[in-house]
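Written out below as structure tokens is the structure these notes cover.
The values are calculated or read from the model by the stated rules, or taken from the named source; none is laboratory data. Computed from a predicted model, the values in this text were never measured in an experiment. Cβ placement follows ideal geometry from the backbone for every residue including glycine, while neighbour counts extend to all protein chains displayed. Calculation scope for accessible area: heavy atoms of the full protein, side chains included, ligands and nucleic acids excluded. Shrake-Rupley method; radii C 1.70, N 1.55, O 1.52, S 1.80 Å.
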Amino acid sequence: MKKEANNLVTKSNKLVEANYKSRLTIREQKIILYLISKVQKDDSDFKTYTLSIKDFSEMMGLEGSPKYGEIEKITKNLLSKVIEIYEEDGLLQIHWLNKVKYNDGKGTVSFSFPSELKPYLLMLKREYTSYKLKNILELKSGYSIRVYEILKKWETIRHIKIELEKLKEMIGIDNKYSEYSNFKLRVLNRAQKELEQNTDISFTYDEIKEGRKVVALKFHIKSKSKVDILEETAVVDDLYDALFIQLIVDFEKKDQHLEKKVFDRWLKLADKVWGNNKYIELGRLSYQVLNKKTVDNPIAYLTTLLKEKGKNAENRSVHKNIPVEEAEESYIPNTKQLELRLSGIGDTLKKKKILSAAKKK
């Protein structure tokens, strides 16, 4: 399992915030999240996902030689678990898995997801949450896993207020821990300790009361993993440079000089709104603004738009409601497109000078 600990678990945000109608045990959650980590977000269809009985036993914390009876009991129970997802046209109730098969003579077990989960695990381009599988493997409480996922979604915004009853629904708590003091001790404080010790985020929280009753919690989320940031630096730098040069050139065509400090401010605001998709979405929004004929000062206009979107994101509003024309799908920063878009400017040396000079400002 160690070699797969760096696999990414990627879920749509709707799935992250879904109600766990049938609470998953810690073992069941780890099975599901391991299987999701085998799904690539650009896959067009589900595959059959296979796990060796040895790895399965290790992940379940089963000691000694594999006990097929115990493993079969775990998967049988998992097949009965239901999740609730609020879709545009109504409530979807669905099982996590539609099939589990033990492969005789191979020492493996195969799992299949129902097709209804495709929109929440496949071809994800926006509004999704990703984290490394290793962040949940050492957690001892299924509640802690759910708290981690929910807060990970809001990591870039840093603060999120969640109604207490809604939080319990998402975590999978029905009538258990009806007394807030028990919920605080058994769920919140335990999750706080486990996330601090084993994951890439930590949190504190404030209790929001009506009279003496706690009705909501405001979480304050802190990123604490420098290792993950370093691992992603090379990719981020490529996207940063590609989009920055691209926008310098495009804004120059409108007689607008884009400074690095302004671009950095845009990225910070975009991160609040789109998280990992900030480069793509900022590129698209820039295209929209630059092609809006009624805008005299596109830099100021784009800054205002991003501020509004940031405020809406903090209030959990739909940031797409701010009116701007539709963007072109082709406006996505990458190295190849960058070379094409700069082809009329001059040779490679000139391109490098543009970036170097811009970064000094």
> For segment 242-251, in order, what is each residue's ³J(HN,Hα) by Karplus, 6.51 cos²θ - 1.76 cosθ + 1.60 with θ = phi - 60°, in whole Hz (x at glycine and Pro)?
Replying inline: 4, 5, 4, 4, 4, 6, 4, 5, 5, 6
> So for the pair ILE26, VAL214, with labels modelled 7 Å out along Cα→Cβ, what separation do we get in nm?
Replying inline: 2.1 nm
>> Starting from 0.36 nm per residue, how many nanometres of slack lie between GLU196 and LYS254 once their C-alpha separation is accounted for?
In response: 16.0 nm
>> Just to verify a number: FRET efficiency for ASN189 and ASN13, C-beta to C-beta distance, R0 = 22 Å, to 0.05?
In response: 0.25
>> Under a crude label model (7 Å from the Cα following the beta-carbon direction), how far is LYS99 from ASN175 in nanometres?
In response: 3.8 nm
> Per residue, how many Å² of accessible area does segment 1-142 show with a 1.4 Å probe?
Replying inline: 50 Å²
> How large is ³J(HN,Hα) for each residue in segment 102-109, as worked out from phi by the Karplus curve 6.51 cos²θ - 1.76 cosθ + 1.60 (θ = phi - 60°), to whole Hz, x for Gly and Pro?
Replying inline: 8, 9, 4, x, 10, x, 9, 9
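Between LYS261 and LYS224, what's the calculated FRET efficiency when r is the beta-carbon distance and R0 is 35 Å? Round to 0.05.
0.80
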